[in-house]
1. Restricting attention to segment 100-176, which trypsin sites (Lys or Arg not before Pro) occupy a DSSP loop and are surrounded by at most 16 other Cβ atoms within 10 Å?
2. What is the helix-to-structure angle for 167-189, meaning the angle in degrees between its Cα long axis and the longest Cα principal axis of the chain, kept from 0 to 90 and rounded to the nearest 10?
3. Sticking with the crude label model, points 7 Å out along Cα→Cβ, report the distance from Arg24 to Asp251 in nm, one decimal please.
4. In what order, largest first, do Tyr39, Tyr96 sit by accessible area if the probe radius is 1.4 Å?
5. Toward the positive end of the charge dipole of segment 203-294, about the Cα centre and with charges on Cβ (Lys, Arg +1; Asp, Glu -1), which of Ala257, Leu207, Asn223 goes farthest?
6. Would you mind computing, in nm to one decimal, how far apart the modelled labels at Val94 and Asp213 are, each placed 7 Å from Cα along Cα→Cβ?
7. Per-residue HN-Hα couplings for segment 89-104, Karplus 6.51 cos²θ - 1.76 cosθ + 1.60 at θ = phi - 60°, whole Hz, x for Gly and Pro?
8. Sequence-distant or interchain residues sharing an amide H contact under 5 Å with Val237, placed H: which?
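The values are calculated or read from the model by the stated rules, or taken from the named source; none is laboratory data. Predicted model, so just to flag it, every value in this text is computed and none were measured. Every residue, glycine as well, gets a Cβ built from its backbone with ideal geometry; the counts of neighbours run over all protein chains shown. Areas reflect the complete protein model, heavy atoms only, side chains present, ligands, DNA and RNA absent. Shrake-Rupley method; radii C 1.70, N 1.55, O 1.52, S 1.80 Å.
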Amino acid sequence: MIYPHGNKSDKELSFLHRALEDLRVDCEKCFGLCCIALYFSAFEGFPVDKEAGKPCINLKSDFTCSVHRNLRERGLKGCTAYDCFGAGQKVAQVTYGGHDWRQFPESANQMFEVFLIMRQLHEMLWYLTEARTLKPASPIQDELSSIFNETEGLTHLSPDSLIELDMAAHRNNVNALLQRTSELVQNKFRGGQKTSSRRQNSRGRGLDFIGKDLRKTNLRGANLRGACLIAADLRGVDLSGADLIGADLRDTDLRGANLRDSIFLTQAQINTAKGDSNTKLPILLTRPTHWSND
Ligand code: SF4
């Protein structure tokens, strides 16, 4: 058991990395699914406005991206922020057994639809894997393991069965457990000062901190679920125990901030933020190469 991300043994770390291996992006095993299946717009940091199901103008015939090395320089933040949590390679290699949508054009639209469903399931698996490693969540370990196994099982369904899934119901069940995990962690970091579930739910999502200076705000154990932190100043802030699931961190200044024990943070979120060598990150995430070393 890891608390939350620190003080872990090599064995625990190795277990965690193995568990997350299949949930990390591996574009070489995918058929460019995210660059086709998604609707996107230039306003959101993608190359152009595009309908769902149409290939991006930069997608090459071998399913690689012609501007992959320069996404950041081109301001394509939508592309750099997107994370399929390994759903692309799962759909390509497992669900469809390595047969790409060009070989079977009649099933192309189905494959794109399945990818969007798989992406949701893999995202849930990522968060549930993390939740299972958090010591404060030990009272709900059995429930977390059970829903993790159920979710993992769903990822092996046939395309038709995946499309028929009641995703909203399953997502609600997963979210309820993640929320309880979050409360247990946050209460720990608030020194036992409990917050009711009702109040917890009322925070985070919908919070607008665009461009705000939060350097003097106490954010230990904060509920920042879905918060908009675009270009907010979090330099030097201690975010231990803060729940950042779905928070928008585009251009958020995290220089010198302590996120080592923040929860439900993803690599894609970090890739869109600003940071430096003094930013402390959760052990599962890597420091973006574009962050300054000052
Ligand atoms: S620019 Fe590249 S990464 Fe972005 S959607 Fe197009 S092909 Fe995909």
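1. Numbers: sites: Arg102, Arg119, Arg132, Arg171; in loops: Arg102.
Here the trypsin sites (Lys or Arg not before Pro) that fit, given the DSSP loop and packing criteria, are Arg102.
2. Here the helix axis deviates by roughly 30 degrees.
3. Here the answer is 3.1 nm between the modelled labels.
4. Values: Tyr39 150, Tyr96 30 Å².
Largest accessible area first, the residues go Tyr39, Tyr96.
5. The residue sitting most towards the positive pole is Asn223.
6. 4.9 nm
7. Taking θ as phi minus 60°, the curve returns 5, 5, 5, 5, 9, 9, 4, 10, x, x, 8, 7, 5, 6, 5, 10 Hz for segment 89-104.
8. Ala257, Asn258
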